[in-house]
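First up is the structure itself, then whatever we jot down about it.
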């Protein structure tokens, strides 16, 4: 049987009485220093992040290598589906989810741009439903919602028909007369002035343009005859496109009625989708900011433009009673132009004055003080609008830099034409609300 005896620790070398020399620093064994990783992530997450980065590198390489040679094949839809297929395994990661959302937003913007003609009636219907929904909500206190929607739609149709018969048709007639007035001004005033200055001017530039068209047509008659089938098909396509456009705007009331009827269900669907997103508070704050800005702009700008048009037309009509009769005859047209142009900062006021100046200069009873009176009245209307009407009706909350509005109007006009001019300022409101929400989120997380 083995007995375990207690062991006594050996004394240190310096306590033994012998000469003790401590070991040198070079003879000491250096212990390895443990490596501290700055990233606190497990191996699976690190591997997933590496694979995601490699996927993005491969996708970018494909775009760079084949983007120029396969433009027709690699259209945005194909690229979106390819990217979605590659990113789908990483959809639950933060970076992968954000990339999918960004790709979806870019595809939506591209789709709206490509289908701008088809989507125009739906955009108009959505705007009308957004504008008139508060009216329907107030009417719902007294009558059923369906009856309130029908009453609002009936009032809207009557208003549109009234504007067409009493404003649009006379304005078109005045526009035709205004073009004849400008031509008369050119032949009676501009041509003699240029002749006295020693500059040769065309007395009838329209005749020369028509003659040039006839000569060009004769020289290209064989080519035109050879491609008459293509021209006929193009003409048929243009006619069909025009008919579809007219049909699209005819169904605007139907789209508006449907959206007003189903707006509660659509809001409920959107609310459930927002709650499932995990960022419900952030998204609701963004939508609240957009709703406040858009409601102030759409309802306020409609009232402001109408008042500017009425005040401009009224003042020019009074000046026309005292002076040039043409100014009285075209007061409605100038007022409409001034009201529409008022939405464009800086440039709008000048655009509204140009027709008034031309009419005063071409009128038979032209006097310089009537021209000064017309310009002075339009400037007074702009002053009243900028200092009293807009702050009262649109509020201070919108507060968008006028230069930014001007740039947005030009960009919208270049991208999607007249519809872009109308959507420019609402687009600025949406983008600004998005940046505000993003900055708040970054500040809260930081």
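We did not get these values from a lab; they are worked out from the coordinates using the rules stated. Please read all numbers here as calculations on a predicted model, not as lab measurements. FYI the Cβ positions are ideal-geometry reconstructions off the backbone, even for glycines, and counts take in every protein chain you see.
What is the gain in length, in nm to one decimal, between residue 113 and residue 372 on full extension, counting 0.36 nm per residue of separation less the C-alpha to C-alpha distance? Please report the intermediate quantities before stating the final value.
Working: separation 259, 0.36 × 259 = 93.24 nm, distance 4.42 nm.
Additional length available on full extension: 88.8 nm.
Label zone of residue 84 (point 7 Å out along Cα→Cβ, amide N under 15 Å): in the stretch 105-130 this covers 105-112. Ordering 328-340, 381-393 by mean Cβ neighbour count within 10 Å, with the highest value first, yields 328-340, 381-393.
By the beta-carbon count within 10 Å of each Cβ, the least crowded to most crowded order of 118, 55, fewest first, is 118, 55.
Placing pseudo-labels 7 Å out from each Cα toward the beta carbon at residue 135 and residue 166 gives an inter-label distance of 1.6 nm. Rounded, prolate or oblate, given the Cα gyration tensor of the stretch 277-446, with a/c below 1.5 counting as rounded? Note, shape of the stretch 277-446 comes out prolate.
Exposure proxy shown here: for 275, 414, 133, the number of other Cβ atoms within 10 Å sets the order, fewest to most, as 414, 275, 133. The residue 98 and residue 393 beta-carbon pair, evaluated with R₀ = 45 Å, returns a calculated FRET efficiency of approximately 0.70.
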